[in-house]
1. Please give the per residue accessible area of the range 690-828, computed with a probe of 1.4 Å over protein heavy atoms only, in Å².
2. Starting from the amide H of Asp409, placed 1.01 Å from N in the peptide plane, find each other amide H under 5 Å away whose residue is 5 or more places distant or on another chain.
3. Share of the range 690-828's accessible area from carbon and sulfur, percent, 1.4 Å?
4. Rolling a 1.4 Å sphere over the protein heavy atoms, what is the accessible area per residue of the range 588-659, to the nearest Å²?
5. In whole percent, how big is the carbon plus sulfur part of the accessible area of the range 131-174, probe 1.4 Å, protein atoms only?
6. Could you tell me the relative contact order of the range 850-897? Use alpha-carbon pairs under 8 Å, at least six residues apart, and round to a whole percent.
7. Could you order Glu832, Glu432 by accessible surface area, starting with the largest, using a probe radius of 1.4 Å?
8. Accessible area per residue, 1.4 Å probe, Å², for the range 850-897: what's the number?
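The values are calculated or read from the model by the stated rules, or taken from the named source; none is laboratory data. For clarity, every value in this text was computed on a predicted model and none was experimentally measured. Ideal geometry is used to build each Cβ from the backbone, glycine not excepted, and the neighbour counts take in all protein chains shown. Heads up: the accessible areas ignore ligands, DNA and RNA and are worked out on the full protein's heavy atoms, side chains in. Shrake-Rupley method; radii C 1.70, N 1.55, O 1.52, S 1.80 Å.
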Amino acid sequence: MPSASFSSSRSYVRRSRRKGGHRIPLPSRTQSSEPCESVPCPNNVTGSAMAATAACAGPSSSGGGGGSPPVPAAAAATTAGHHSPYDLRRKSPPAYHEPGPSGACSLPARKRPRTSLAQGVDVCNVSQYLQYELPDEVLLCILSHLTERDLCRVAQVCKRFNTIANDTELWKSLYQSVFEYDTPLMHPAPCQFEFVPADECDADNPWKESFRQLYYGIHVRPNYRPKKESRIKHFNTIRAALEYVEERGGGVSAVGGVSATGTGGGATSGACGGGCAGGAAACSCRRAQPALVFVHAGHYQEECLAIDTDVQLIGCAPGNVAESVVLEREAESTLTFAEGAMRAYAGHMTLKFSPDASSTMQHHKHYCLEVSDNCSPTVDHCIIRSASVVGAAVCVSGAGATPIIKHCDISDCENVGLYVTDYAQGEYLDNEISRNALAGIWVKNYASPVMRRNHIHHGRDVGIFTFENGLGYFEANDIHNNRIAGFEVKAGANPTVVHCEIHHGQTGGIYVHESGIGQFIDNKIHSNNFAGVWITSNSNPTIRRNEIYNGHQGGVYIFGEGRGLIEHNNIYGNALAGIQIRTNSDPIVRHNKIHHGQHGGIYVHEKGQGLIEENEVYANTLAGVWITTGSTPVLRRNRIHSGKQVGVYFYDNGHGKLEDNDIFNHLYSGVQIRTGSNPVIRGNKIWGGQNGGVLVYNGGLGLLEQNEIFDNAMAGVWIKTDSNPTLKRNKIFDGRDGGICIFNGGKGVLEENDIFRNAQAGVLISTQSHPVLRRNRIFDGLAAGVEITNNATATLEHNQIFNNRFGGLCLASGVSPLVRGNKIFSNQDAVEKAVGGGQCLYKISSYTSFPMHDFYRCQTCNTTDRNAICVNCIKTCHSGHDVEFIRHDRFFCDCGAGTLTNQCQLQGEPTQDTDTLYDSAAPMESHTLMVN
């Protein structure tokens, strides 16, 4: 008889395709709770008769190698009340025929008559009865008592026996008596194990296929007595099993999937456990597999395990396997993989290290799991717990240490969860790392692990800590609710962190300090109590393409001489500034979107620096960019727009360069400069401000050069309150108010600017201001070119003032500027024309502009000190009244505006009016609350 075979479940017996054959629809086996009771086994069927089946069976056409006689094509009806649970082609019994002289059956099987065992026929008829007449349920009852080897032998008898011997429930029962698992455990390759639900498995019989793949293993099952016929080895301790493996060379042949140590006798036919086709000669997996040791349920405390060979340890129990198999130590490491364990495995068990607190033994270098130099074990689906306050739960150290640790639960440890150091590497996948007293993970001293899809949370310290030149690649991890930062980088560490979610940190999201580096790319960093990213103390990380949002303070906070490259990030919805730069920090910030902050966009203060270029900064509650207290950043080619206050705000000695930016549509002015700030503002477009383009006030300075300032609701540039900026070669045009307004003691040098098409004066100088205007072109204004009023003065040299509607240079009473070499020509003088034509001046100005001319006040009409009346209304509407001349100045006529008791006789219907103001409306100043 051939040796027993665990043939692949894919090579089960082929179904007959004989014409005229049909399958009998049969009920499920579950119709009877005890299949063997419905059709009792005949009394005269003995074990020897069963053996005779194999003896009399001729050559078989089945794939199992056994024989079966020819049978008729027609299927016979089964005994009344009996239905087979298998999709079998039942064979009709042959007609009876007298035996020949020799006593043997002389006719072929299909011609023999049906008979019964009670007639005392020969062995051939007994064999036939067993093969074709014995009910399936009875056969199942008999086969359920066999070992796996005998069951494989029975499957080689004939097609019917092959099919019944491959019954799923039969193998499930046998499988669970040996391995105890509730679900088939597939073992497709060394160090690879996976539970696959039976209804999701590709194999026809998942339980048999799993049995075949696991059969070469030995078992640690304390006080267990296997069947006498079983050839599967069992041991009481893990140590004994490992010694047995070591005595026999540590491995088994991959071909056949049967232990070379004598734990099994059969071999599979033609294919290895790794799935290679073509038989043993063609197999590419001929080298020995690591020995396989099943550790059954129990609490193993006496074991001190140091593995330096290729051996696979796996827990073996029903239910939650890892919780049922516990390895625990109080001294020395619970499980150690040492040099030589290149294809070792530990899986589905609990590892505990619980040092005695009263013991004087040093255990700071002892761990729950230790992986040392030059070994590559796989640790899978383990629960790892350490009560040591001085050592990590898992330590991987040394060059060549490259484990795979996956699907493990490393939690509730009294120190660090996972510690990777001293050039170690390895892969750490899909682990749960939580509630550890210190960091969830430490990486140091040039260690370079790969960590993917881990869940690292609720640590009582930092989530992941890389320091002292630690490296590593961290991808798709979920890091949250740690007491300090989610990810900390320190002292030359340079990790790469991609596609992680770092959130709800009780301090911050990412903390890079003390010369830390690192690349943080495509992460989601959000909802942290402090900044999403902190960079300090000469650190220089790369922060690229991250979503940084909803921080309870800022988005990115760079301080204490921090640097870094911050690019292509989306930073939004943070409670403080999107990016904050302070204390001599000098980052590069470019191509970011910084928006919808509850505070400002970018805040540079306390001598902060940095290159800030090509960002889009918009829709922030306060200023788009703040620059203050000695800071000197460079802002280039940014779009800063749609803010609810100022675009760029320089104050308290804020400096820096603002070059080639597009600044527009702010509720306040586009740029504000105050209190000693002295920036260089060059080549920018500043437009659409609801309160002006540029406001320089309270001692502000600055150089504004080659900017385009246009389409602002109020003045293009405001200069006031002792401010003294320099404006050179700017284009200031299409303002809905004046071009440049200088008042309240403002100064400044205006040189070579083009100021045109503004709704009010091209340059208005008022209230004790004294600027210098040189070589400017002021033209095409809808009001006057230059107006000087309210005791102001100015120096005007070599300017060209032309084609302005209300005149070129208009001077109020008492004003005596220094005028030299100016060209004033082709102005329309619409005011003089209106006066000469007898019109009310309100008709040419309405209340939106202020033509300069003589204005009066009527005492008879009880006008206030704020009202003014033009000369033609005095002559016509207030003729005979008590009137007085006030002065020559800029105003609009209140008589024409309809604000007096008498209706203007030179105007039509009165127009709703505001008070007459001698100067343009004052700009709104920023009163932003400064929060460091």
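1. That works out to 33 Å² for each residue.
2. Cys382, Ile383, Ile384, Glu432
3. Exposed carbon and sulfur together represent 44 percent of the surface.
4. Result: 30 Å² of accessible area for each residue.
5. Looking at the range 131-174 in its full context, I get 52 percent from C and S.
6. Relative contact order here is 54 percent.
7. Glu832, Glu432
8. The answer is 36 Å² per residue.
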